[in-house]
Amino acid sequence: MLKRLGTHLTGILCALLLAAAPAMAAKDTIVIDLSNETATCDPHMQWNQNSYGVYRNIFDNLITRDNAGVIIPSVATSWKYLNDTQVEFTIRTDITFHDGTPLTPEDVVYSITRITDKATASPQRSQFEAVVKAEVTGPDRVVFTTDKPYPPLLAQLVKLSIVPKAYVEKVGKEEFNKHPIGSGPYKFVEWSRGVHIILERNDAYWGNKGFFQKAQFRFVPDPGTRVADLRTGKADLAVDLNPDLSATIERDKVCEPRVTLTERVAFLRTNNGRTPTSNKTIRQAIAYGIDKQGIIDGLMNGQDRIASTMLTKEMTGYSELAGYPYDLEKARKLVAEAGDAAKEEIVFATAPSYDQRVVQAVQQMLTDIGLKVRIEMMDQASFLKAVQQGDLATRPHISFGRWSCACMDADGVVYPLMHSSSAWSQTRNATLDELLDQARICLDPAKRVDLYSQADKIILDESYILPLYQVAYIYGANKNLVWTPTPDESLFLNRMSWK
Amino acid sequence: MSRFILKRLWQAFIAALGALTILFFVQRLTGDPTLLLVPEGATAEDIATLRTSLGFDQPLYVQYLQYLKGLACFDLGMSYVQGVPVWDIMLSRLPYTLWLTAGAMLLSIGAGLPIGVLMALKRGTFLERILQGVVFTGQSMPTFFSGILMILLFAVHLQWLPSSGSDSLLALLMPSVALGLLTLATFARVARTAVLDELGKDYVRTARAKGVPLRRIIWRHLARNSAIPVITVAALEISHLLAGAVIVETLFAWPGLGQVAVQAIEARDFPIVQAVVLFGAAASVLCNLIADLLYGLVDPRIRHSGGAQS
Amino acid sequence: MSMPAPLPQEDLRPRPSFGAVLRSAAASVPPYLWIFIAILLGFIAMALFAPLLAPNDPTSQNLLGRMKAPGSVIRGVTYIFGSDELGRDVLSRIIYGARASMSVAVLSVCLSGAIGILAGLLAAYCRGWVESAVMRLVDMMLSIPALLFAVITVAVIGPGFINVILVLGLTRWTRYARVVYGQALGLMPQPYVRYARFVGTRPLAIMCRHLLPNVFGQVVVVATLEFGSMVLFEAGLSFLGLGVQPPTPSWGAMMNVGRHYLDTAWWIAGFPGLCLFLLVLSVNIIGDHLRDRLDPRLR
């Protein structure tokens, strides 16, 4: 321990000396402020932005999306459906991992079975569990088999990172997490716990090479501090700013906000199994009573987009439907119609990670139409537990949420939120379940859109869930950074450069 | 002497074990981290699988006994979120906590004691009022607010200091000041009281009556006799600093134990929270022991027969 | 040549009663202190008469009138201290916020004081295992950083007005316990206490009648100083998102939200920050004065 302290001392002193040296002429390191420490660099262990933002630069994915969101080849150069449940992928043969070993079809098979194997206990298992079999069928061929026809398969495989089988099996899970080796455009150099992760450009990369020689990911929990880092030039890119914070850097000389509409939709989950929100009239009153455009214009700088259903235009399975317009009079009338039910207290659950301005604005709007709403703030873990576990009668009446399946497919949104078998759903409707089950295994795109459209109509009519707006994600970036944020909230270093 | 140390260590051990036990069970009342670990849309079956693999399907007392068993072999367990041994996380974060504590302590003692002594010597003068004003101002501001004001002034507008991070000694300055302000007030007050106390005593009056210059009296007698209360407070304040560090470390992105503790509580990463509390308990025991031993050095009349609780 | 300083001795005189102390204190208040007493009384009045004083509803929002500078007039309403991030009147929120901030502080001081006094008296009176149990409990509390303990507790019982008071009360009682214990221990061998025990007065009566009045002065000093810490503590919890919950305004919460707007709309955090500062400052100065008066060694 003393030795470690010693290294730290010298480390900090060296850093001090370095800081005193004149600024380097060429920009060779990009500094990115994340909102929390990366959980893991093992791409099969966790799916959160502060983790995949880092590890997707170390690893290549089977397939990927371009900046416009279209699925394009990556490790797999092409793919074709052999039948309803089998897809064959052709794998590139010129990829090597950072330790020099070539990437083989075995690695691809290993990567997916590692996740689907229950012994791994990967939190990502639900995203891939439709794949029941994966096998090598040729020197550059892999075939994935699903239990039933599974339309969102490709959309899910965008998230499959390829890891080196030999290395992982040799060093084990813990060591792999500490010293990950992938085939991506950047190599892992160092993870100083709590401080930063440093990556270095992989000059032997097979694809689009990075501009920056090095990348430093810092962990800065306070958004105000992230903005200060941007303004002082300490960081070149910062994630997760709110619209008011972005306003403070709009006129700044050094940095600017970069905004993109994501596939994430903010919504109110109404508890359809507990009075008074089990009452359709009350739910409709709530839907009419919320001024979505007012929230977007007033609080979000007009950057977000009204959502009438939980699906966004960019998603597979989307069809255009008119949502509830803002109608104060009608809302009040419905509340009056509901009578005594409207006098019961409505518990509005929320967590600190959601925009509290919106939560308070919604509460005020609901109070204005004559409902009694009490905000109940819980920390994230308690919130998820309250919203997902236990009998519907004990869950909060309304809860705030922001949903993204990171797969751009209706199945990843409507099924978990609405199907009665899902822990995330607070709706019990047999007709709806039937439609969602059918859509899940339907390979005919047109028919599938129709099924989701029917489901959405039921959801809208019953007002089972209240979509608010499609979330705009705000990054802060140095003005010299050339980079376009993407709807899937990715941070690909090899798509960034410096002016 | 050694009996005294053993007795104190035993008492501290009981206190730490008690704290840990309560913490262990109370934390588990708040649920477990599985829901935070799975992505949106995970099925109930997957959640259950993950829960089993983390050991949450075991009865609570079994989990507790397993934890104690590990602890007996100095095994703090694995982080649920990061999947690495808790020791790794603790050891990489501890130096930063020590740096910050040292910085804050240095500042609050280095500035607090002289201010306190000056306030005592100049009692009733205009200078005392001014010093008092300074001390009170530092004490009447929430840490996070004085921290933000400093960031805006010294980092954003004047660009003298880095806004966050831990890569240079300059970056240590603002967090230390933000953290040290509260403690500074305590030290100033203790020093003032101690000096006033001593000034009223007969030997000082005699010495002054004999014409010994005040400065010499201060250095020869006051410093030694006022040391005891100052040491007592220093030992207590170190554990207070750990608490204040929770906010300062979050604000300045300083990677110490306070920051990791808050994040671990939010993430339900129980082994880390337990380890931080263990470290905190060990630190406070150590500080108090050192304080007790220092009493003996400063004032040889105190013998550790049964305890020198003041 | 130095004379050995006398070993610390317990003051054997019975302490003057609390009322007498107050009267003598009031008689000798230096002029500057009246300013701070006036500020404190002003804030208390603000908290008590908030509905009469506030020009607007503190929770009524106006999304189109957000972050307007002090003195702005929106839809015929003058926002003297400006409007906040949801277009609410900052002045009205400060006036109502005085309620939340001060009642959290007062109630948690009462709660922690009550627990601490009880623990301290019991330990000093009963000795034996009760004493060691209380002292170990104090050790235990002191070994967990207070704010960490608070964060964990809030995670269990959830945030909110009552819960914040509970948490603060449960974390901060050790200081009272130590002071009361130390003082009461010194009183135990006093003739009047021994006499009371001899004639069979009930323990509770002895504690209330003979011990409590004599330690109360010290308790008041600790309580005044703790009051300031409690206000700051609530603000700290707000920073972590665990303080008094919206839409109820509290100064700590207002400062925490407003800190992001210091460059664009300084008044959102600036005014509540000033109020909080003045409140804590006044209480601390008054407490400091009380301590100087009540600490017999400094007379």
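The values are calculated or read from the model by the stated rules, or taken from the named source; none is laboratory data. Predicted model, so just to flag it, every value in this text is computed and none were measured. Because the Cβ atoms are built from the backbone with ideal geometry, glycine has one as well, and the counts that use them run over all protein chains shown. Note: areas computed on protein heavy atoms with side chains; ligands, DNA, RNA excluded. Shrake-Rupley method; radii C 1.70, N 1.55, O 1.52, S 1.80 Å.
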**Message:** Scan region B:154-172 and tell me whether some residue there is touching a residue at least 24 places away in the same chain (Cβ under 8 Å) and among the aromatic types (Phe, Trp, Tyr).
**Reply:** no
**Item:** Residue count, region A:350-366 (criterion: at the interface with chain C (Cβ under 7 Å from one of its Cβ atoms) and closer than 13 Å to residue A:296 by Cβ)
**Value:** 2
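Output the number of residues of region A:236-260 satisfying the condition of being touching a Gly at 6+ places or on another chain (Cβ under 8 Å) and surrounded by 20 or more Cβ atoms within 10 Å (Cβ to Cβ). Even if it seems obvious, please write down each step before you answer.
Looking only at region A:236-260, we keep the residues that are touching a Gly at 6+ places or on another chain (Cβ under 8 Å), and these are A:237-239, A:241, A:245-246, A:249, A:254-258.
Then keep just the ones that are surrounded by 20 or more Cβ atoms within 10 Å (Cβ to Cβ); that gives A:237-239, A:241, A:245-246, A:249, A:255, A:257.
Summing the residues that are touching a Gly at 6+ places or on another chain (Cβ under 8 Å) and surrounded by 20 or more Cβ atoms within 10 Å (Cβ to Cβ) in region A:236-260 gives 9.
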**Request:** Being assigned to a helix (DSSP H, G or I), modelled with pLDDT of 80 or more, buried (at least 21 other Cβ atoms within 10 Å of the Cβ) and within 14 Å of chain A (Cβ to nearest Cβ) narrows it down to one of B:277, B:248, so name that one.
**Result:** B:248
**Request:** Six or more apart or on different chains, Cβ under 9 Å: which pairs go from a residue in region A:69-82 that's over 19 Å from residue A:95 (Cβ atoms) to one that's loosely packed, with under 15 Cβ neighbours inside 10 Å? Could you list them?
**Result:** A:81/A:443
**Request:** Just give me the residues in region A:151-191 being open to solvent by 30 Å² or more (accessible area, probe 1.4 Å) and among the small types (Gly, Ala, Ser), in sequence order.
**Result:** A:166
**Message:** Contact list please: Cβ distance under 6 Å, first residue in region A:103-117 and farther than 16 Å from residue A:63 by Cα, second residue in a loop (DSSP other than H, G, I, E, B), pairs at least six apart or on different chains.
**Reply:** A:114/A:44; A:115/A:44; A:115/A:122; A:115/A:124; A:116/A:129
**Request:** Within region B:154-210, count every residue that is among the polar types (S, T, N, Q) and farther than 30 Å from residue A:236 by Cα.
**Result:** 4
**Request:** Of the conditions (1) at pLDDT 90 or above; (2) in a helix (DSSP H, G or I), residue A:245 clears all except one; give me its number.
**Result:** (1)
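Condition first: β-branched (Val, Ile, Thr) and either crowded, with 22+ Cβ neighbours inside 10 Å or under 30 Å from residue B:33 (Cα atoms) (or both). Now tell me which residues in region C:175-202 satisfy that.
C:180
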**Message:** Can you say whether residue B:163 is among the polar types (S, T, N, Q), modelled with pLDDT of 80 or more and crowded, with 20+ Cβ neighbours inside 10 Å, as far as the supplied structure shows?
**Reply:** yes
**Request:** Kindly indicate whether residue B:4 is farther than 25 Å from residue C:150 by Cβ, open to solvent by less than 20 Å² (accessible area, probe 1.4 Å) and more than 12 Å from chain A (Cβ to nearest Cβ).
**Result:** yes
**Prompt:** Identify, please: which residue in region C:232-269 is more than 14 Å from chain A (Cβ to nearest Cβ) and within 16 Å of residue C:95 (Cβ to Cβ) and is, among those, surrounded by the fewest Cβ atoms within 10 Å (Cβ to Cβ)?
**Reply:** C:267
**Checklist (1) out of contact with any strand residue (DSSP E or B) (no Cβ under 8 Å at 6 or more places or on another chain); (2) more than 30 Å from residue B:213 (Cβ to Cβ); (3) polar (S, T, N, Q) applied to residue B:125, failing item** = (2)
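Suppose we filter region A:32-68 for residues that are touching a residue at least 60 places away in the same chain (Cβ under 8 Å), closer than 13 Å to residue A:492 by Cα and either in a strand (DSSP E or B) or of a type in the set (Ser, Thr, Tyr) (or both); how many remain?
Looking only at region A:32-68, we keep the residues that are touching a residue at least 60 places away in the same chain (Cβ under 8 Å), and these are A:32-38, A:40-47, A:49-50, A:52-65, A:67.
Checking which are closer than 13 Å to residue A:492 by Cα leaves us with A:32, A:49-50, A:52-61, A:64-65, A:67.
Next, only the ones that are either in a strand (DSSP E or B) or of a type in the set (Ser, Thr, Tyr) (or both) stay: A:32, A:52, A:55, A:61, A:64-65.
Residues meeting the conditions: 6.
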**Message:** Could you go through region C:62-77 and let me know if any residue there is farther than 30 Å from residue B:280 by Cβ, β-branched (Val, Ile, Thr) and either out of contact with any Pro (no Cβ under 9 Å at 6 or more places or on another chain) or modelled with pLDDT of 85 or more (or both).
**Reply:** yes
**Request:** Please go through region C:63-115 and pick out each residue that is more than 14 Å from chain A (Cβ to nearest Cβ), over 29 Å from the mean Cα position of the chain (by Cα) and surrounded by fewer than 19 Cβ atoms within 10 Å (Cβ to Cβ).
**Result:** C:69, C:70, C:71, C:72, C:73, C:75, C:76, C:77, C:78, C:80
**Message:** Within region B:103-118, does at least one residue satisfy the condition of being surrounded by fewer than 19 Cβ atoms within 10 Å (Cβ to Cβ), within 24 Å of residue B:238 (Cα to Cα), at the interface with another protein chain (Cβ under 8 Å from one of its Cβ atoms) and under 22 Å from the mean Cα position of the chain (by Cα)?
**Reply:** no
**Asked** Given (1) open to solvent by 20 Å² or more (accessible area, probe 1.4 Å); (2) more than 9 Å from chain C (Cβ to nearest Cβ); (3) part of a helix (DSSP H, G or I), where does residue B:204 come up short, assuming only one miss?
**Response** (1)
**Request:** Among what's in region B:168-179 and is at the interface with chain A (Cβ under 10 Å from one of its Cβ atoms) and surrounded by 21 or more Cβ atoms within 10 Å (Cβ to Cβ), pick the residue that is farthest from residue A:34 (Cα to Cα).
**Result:** B:172
**Prompt:** Of the conditions (1) in a loop (DSSP other than H, G, I, E, B); (2) crowded, with 22+ Cβ neighbours inside 10 Å, residue A:421 fails just one. Which one is it?
**Reply:** (2)
